[in-house]
Amino acid sequence: MGQRILIVGGGLTGLALAAGLRNRNVDPVVVEQAPVITEAGWGIGLSDRHLAALDQLGITDRERSWTGFMPDRHMMFDGTTGLLDSLRLTTAMLFPRADLQRSLYEPVADLVRTGVRPSVVTDAGDHVDVEFDDGTRERFDAVIGADGINSWTRRHVLGGPDATYTGCAIVRFHVANPDATLRTTALTIGDQGVLGYFLMDGGAKYHGIVALPGDEDNRRELGVAELADLFPDVTGPLVALKEAMRSDPASYYANIYQAVVDVWTRNRVAVMGDAAHAMSPLLAQGTGVGFEDAAMLAELLTTPDLPVPIALASYERLRKPGAQQIQRAAYEVTRGIGNRSAPTDLFPDFITQDAPV
């Protein structure tokens, strides 16, 4: 098979695929439309199976730069009674997103071209011709769209859908944790939505979230201190979080969208990560599932005597059912928040266990 592969998008999953291919002696070309590879410093949750995908990609040197925090337990409270509804001892590890971006970028930086994107992709059957927006033209054996929720590859090459609103928004914020001994993460579901947190920087910082069901941009005008007032009856470790929110830290508001994609591949073109299955972040699965995509693609694209069209079609057949199952679960959680369901009715157990291939 040919060895010339184009990855469209220099985000986490595109860089992970580039590393996986390089570790198999194939150096892809990565194009990123942004002029500089950078990332906001919010959080990424990775469970054991996501870390196993990184191992499969050959991204194993994570001790120094991948500064994750693993809590001892995760507590979920009923917002009506204040009682504990679930106690889970199997949790995900949380990493600062900016740290992951930097750690994935540095080993493959020489493969990345910034400030450029495809403008025309023509699948000629036995190769793919690509014209870039800087006027250059190149020929590739495969094109992989890792270009995110608003993927140009998905929409303009594969004829896929735009992303759609899920009925919920999310606010993220960072605030200091006053209890250095705390190793418990928690959330509650109340009348107004979800309040919860993870821990970062060795437990020194809350990564707080507020999920707000309703129309797009609902309660966007509220600061973090005002959002705390939406949850008057919190109990347990959430009491300290709510008190910390009184400092009104900076926050990031986003409407939650998803992209349900029927066609992931066509001959020598494929999409992966958010381009293939952008999902609600409320199960903290999106990036990890993208790493699993990357592991499968790296394996199949470098398997001897496996033609690219067969490799990509096999990738879709193997990866799509499990990824879409998790996407549906994330959507159901997001929609269920508006109905004030108990946490155990919403959050599935399988997300921290082995997922379908």
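The values are calculated or read from the model by the stated rules, or taken from the named source; none is laboratory data. None of these values were measured; they are calculated from a predicted model. Positions of Cβ are backbone-derived with ideal geometry, glycine not excepted, and every protein chain shown enters the neighbour counts.
A few points about this structure:
Residue-wise test of (1) farther than 25 Å from VAL289 by Cα; (2) touching a Cys at 6+ places or on another chain (Cβ under 6 Å); (3) not acidic (Asp, Glu).
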position	(1), (2), (3)
ILE59	no, no, yes
SER86	no, no, yes
VAL120	yes, no, yes
GLU131	yes, no, no
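Residue by residue, here is whether (1) basic (Lys, Arg); (2) touching a strand residue (DSSP E or B) at 6+ places or on another chain (Cβ under 7 Å); (3) surrounded by fewer than 21 Cβ atoms within 10 Å (Cβ to Cβ) holds:
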residue: ASP123; (1), (2), (3): no, yes, yes
residue: HIS127; (1), (2), (3): no, yes, yes
residue: GLU131; (1), (2), (3): no, yes, yes
residue: ARG139; (1), (2), (3): yes, yes, yes
residue: ILE144; (1), (2), (3): no, yes, no
residue: ASP162; (1), (2), (3): no, no, yes
residue: CYS168; (1), (2), (3): no, yes, no
residue: VAL175; (1), (2), (3): no, yes, no
residue: PRO178; (1), (2), (3): no, no, yes
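- Looking only at the stretch 68-94, and only at residues there that are of a type in the set (A, V, I, L, M, F, W, C) and in a loop (DSSP other than H, G, I, E, B), the one that is farthest from VAL26 (Cα to Cα): LEU83
- 3 or more residues in contact with a helix residue (DSSP H, G or I) (Cβ under 7 Å, 6 or more places away or on another chain): qualifying strands (runs of 3 or more DSSP E) within the stretch 95-168: 142-145
- Verdict on ALA240 being part of a helix (DSSP H, G or I), more than 22 Å from ALA98 (Cα to Cα), of a type in the set (Gly, Ala, Ser) and touching a Lys or Arg at 6+ places or on another chain (Cβ under 8 Å): no
- Index of the failed condition, PRO249 passing every other in (1) at pLDDT below 95; (2) under 30 Å from LEU87 (Cβ atoms); (3) assigned to a loop (DSSP other than H, G, I, E, B): (1)
- In this structure, ILE44 does not qualify as crowded, with 18+ Cβ neighbours inside 10 Å, in a loop (DSSP other than H, G, I, E, B) and not charged (D, E, K, R).
- Output for the stretch 246-266, where each listed residue is among the hydroxyl-bearing types (Ser, Thr, Tyr) and over 14 Å from ARG220 (Cβ atoms): SER247, TYR257, THR265
- Condition check for TYR253: surrounded by fewer than 21 Cβ atoms within 10 Å (Cβ to Cβ) and in contact with a strand residue (DSSP E or B) (Cβ under 7 Å, 6 or more places away or on another chain): yes
- Taken together, VAL289, VAL263, VAL333, VAL234 contain a single residue that is in a loop (DSSP other than H, G, I, E, B), buried (at least 17 other Cβ atoms within 10 Å of the Cβ) and either of a type outside the set (Lys, Arg) or touching a helix residue (DSSP H, G or I) at 6+ places or on another chain (Cβ under 7 Å) (or both), which is VAL234.
- The stretch 1-41, subset assigned to a loop (DSSP other than H, G, I, E, B) and of a type in the set (S, T, N, Q), residue nearest to the chain's Cα centre (by Cα): THR38
- Residue count for the stretch 183-231 under the criterion of being in a loop (DSSP other than H, G, I, E, B) and either under 24 Å from LEU100 (Cα atoms) or acidic (Asp, Glu) (or both): the result is 8.
- Scanning the stretch 151-194 for residues that are free of Cβ contacts under 8 Å to residues at least 60 places away in the same chain, under 24 Å from LEU84 (Cβ atoms) and not small (Gly, Ala, Ser) yields THR181, LEU182, GLN192.
- Condition check for ASP55: part of a loop (DSSP other than H, G, I, E, B) and among the acidic types (Asp, Glu): no
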